1. Under Stokes-Einstein, with the Kirkwood radius over Cα pairs standing in for Rh, what whole-number D in µm²/s applies to the chain at 10 °C and 1.306 mPa s?
2. Placing +1 at every Lys and Arg Cβ and -1 at every Asp and Glu Cβ, with all other atoms neutral, what dipole size does the range 105-182 have around its Cα centre, in debye to the nearest 20?
3. Measure off, as a whole percent, the carbon and sulfur share of the 1.4 Å-probe accessible area of the chain, all protein chains present.
4. Cross-link partners among lysines for residue 92, C-alpha distance below 22 Å, same-chain residues fewer than 8 apart left out?
5. What residues from the range 129-149 fall in the zone where the backbone N is under 14 Å from a label point 7 Å along the Cα-to-C-beta line of residue 53?
6. Could you tell me the accessible area of residue 49 in Å² (1.4 Å probe, neighbours in place), rounded to the nearest ten?
7. In debye, nearest 20: dipole of the chain around its Cα centre with unit charges on the Cβ of K, R (+) and D, E (-)?
8. If the chain between residue 157 and residue 119 were fully stretched, how many nm would it gain, using 0.36 nm times the residue separation less the Cα-Cα distance?
Amino acid sequence: MPEEYRKEQFPPKGVSNRNKGLEWIRKNARSGVIYFADDDNTYDLELFEEIRHTKRVSMFPVGLMPHLGVCTPVVEKGKLINFYCGWIGDRKFPIDMAGFAVSVEFLLTRPRAWVPFLAGYEETGFLVSLQPFEIPDIELLASNCTKILVWHTQTKENDEPAPVDLDTYGHTNLAKLGEIMM
Ligand SMILES: *[C@@H]1O[C@H](CO)[C@@H](O)[C@H](O)[C@H]1NC(C)=O
């Protein structure tokens, strides 16, 4: 982390290393899929089968997230209609770092795409920097986001997640995810 960010109250973590990875990929790769894995997440190997086919950017649920228990696109009839994540804020793409994958071929057409040094906005900032790239361009994986194939598994205690509000989300993928999280 560059010195200038170290004194911030919430320093943006894991930015330099991810950008270094992107830099390496830009220099050395011509095909494949980028996924920002982390040592405190747990993966179902099926995830890697799914992200293989990413054309631009694919998204999928991340389990064991604080507050709501999951961070995911909200999907109704195969369409992304919203995002469901503990903290939405003013993020255009409120999704976790573990909840999306990007095709290398697509990244190479976006030379200005980088992860910003902005705590809380690393994911959305990176995805916005892929523009032109909009919400309808997102490819939904994990059976229309009804399966959890990656979990945050930090060894710390979280409060019980809030139950899914079925009045609001009963017609979406969250009904299924709510059952899984019981
Ligand atoms: C996602 O939902 C759409 C619309 O209901 C459906 O046509 C499609 O087969 C579903 N895809 C998967 C992978 O389940």
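1. 94
2. On the way: 5 positive and 12 negative charges, 60 e Å.
So the dipole magnitude of the range 105-182 works out to roughly 280 debye.
3. Of all accessible area on the chain, carbon and sulfur atoms account for 53 percent.
4. Of all the lysines, those that pass the test against residue 92 - Cα under 22 Å, at least 8 places apart if same chain - are 13, 55, 77, 79.
5. Those under the cut-off are 139-145.
6. 90
7. Details: 20 positive and 26 negative charges, 180 e Å.
Its charge dipole is roughly 860 debye.
8. Details: separation 38, 0.36 × 38 = 13.68 nm, distance 2.23 nm.
Length gained, residue 157 through residue 119: 11.5 nm.
The values are calculated or read from the model by the stated rules, or taken from the named source; none is laboratory data. Being a predicted model, the structure only gives us computed values, none of them experimental. Ideal geometry is used to build each Cβ from the backbone, glycine not excepted, and the neighbour counts take in all protein chains shown. For accessibility, only protein heavy atoms count, side chains too; no ligands or nucleic acids. Shrake-Rupley method; radii C 1.70, N 1.55, O 1.52, S 1.80 Å.
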